[in-house]
Amino acid sequence: MNKAPRWRVIVVGGHTRSIGKTQLVCDVISAFPHANWIAGKITQYGHGVCAQNGSACDCAPDEHSCAIEWESRPQSGTDSARFLAAGAKRSFWLRTKQGFLAEGLPLMRDALEHAVEAADRDSPALILESNSLLQFMKPSLYFAVIDPAREDFKDSARVALDRADALVLRGSINDPSSAPSWSKLPANLLRTKPSVSQRLGEPLPEPLQVLITRTLEAPPSITL
């Protein structure tokens, strides 16, 4: 029996939507074009929404609970297409119903193992956009994207924040007039965690490049 492949895994999360998580994934891929990235986005849909197509449905709770799709066109307009456009060798989108991520992970693992077998080479680097994934694995690196101007703060991001290897700030955390109320809650973490400022469109900060370089140079150690 073949042993399960081991991976170098970078996870990118953030406290809410539309704060540049996908862009950070693209920045990492573009900055390290020789890593042969496989990139993936993990989305959990709310209750009453089918994972197969993201549309409202009345299927049973355990029916159509997860679906995975490989992206083939860099111009399709999806986030997984953006990963391909940035230079990823393969890109996928894993969709699950809310609370069914555990059921979706074997689907992702099998798809990735088949992709490696088809390529007939060692496991490439894997980069994933997700918060909830940290409930099930410890990645090689976890970057948390934070925008101090945004009020919303997902519970999954709050739980994962103390596990971040670096915080990526989309704005200034030091402007009290623009800081939302939640910024007072993780104040100790914001002081003690390594953090970098990167506005959208700016190059990948050097401290992140150093962390990623170390990860890519180390032997793969993560079993999915």
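Values quoted throughout were computed directly from the atomic coordinates according to the rules given, and no laboratory measurement underlies them. Just so it is clear, the model here is predicted, and its values are computed rather than measured. We place every Cβ from the backbone using ideal geometry, glycine too, and count neighbours over all the protein chains shown.
Take the cross-link list 21/97; 21/193; 21/138; 21/154; 89/154; 89/193 and give me the ones stretching past 23 Å between alpha-carbons.
In this structure, 89/154; 89/193 exceed 23 Å between Cα atoms.
Do any trypsin sites (Lys or Arg not before Pro) in region 77-138 lie in a DSSP loop with no more than 11 other beta carbon atoms within 10 Å, and if so, which? Don't skip to the end; give the middle numbers.
On the way: sites: 82, 89, 90, 95, 97, 109, 121; in loops: 89, 121.
Taking region 77-138 and a limit of 11 other Cβ atoms within 10 Å, the loop trypsin sites (Lys or Arg not before Pro) found are 121.
Enumerate the amide H contacts of residue 15 below 5 Å, restricted to partners 5 or more residues apart or on another chain; note that Pro and chain-start residues carry no placed amide H.
Amide H neighbours of residue 15, under 5 Å, 5+ apart: 145, 147.
Hand me the chymotrypsin sites (Phe, Trp or Tyr not before Pro) from region 91-150 located in a DSSP loop with no more than 16 other Cβ atoms within 10 Å, in residue order please.
136
What number comes out for the charge environment of residue 14, summing +1 per Lys or Arg and -1 per Asp or Glu over other residues with Cβ under 10 Å away?
+3
With θ taken as phi - 60° and the coefficients 6.51, -1.76 and 1.60, list the Karplus ³J(HN,Hα) couplings across region 202-209 in order, rounded to whole Hz; mark glycine and proline as x.
Calculated HN-Hα couplings, in order: 7, x, 4, x, 4, x, 5, 4 Hz.
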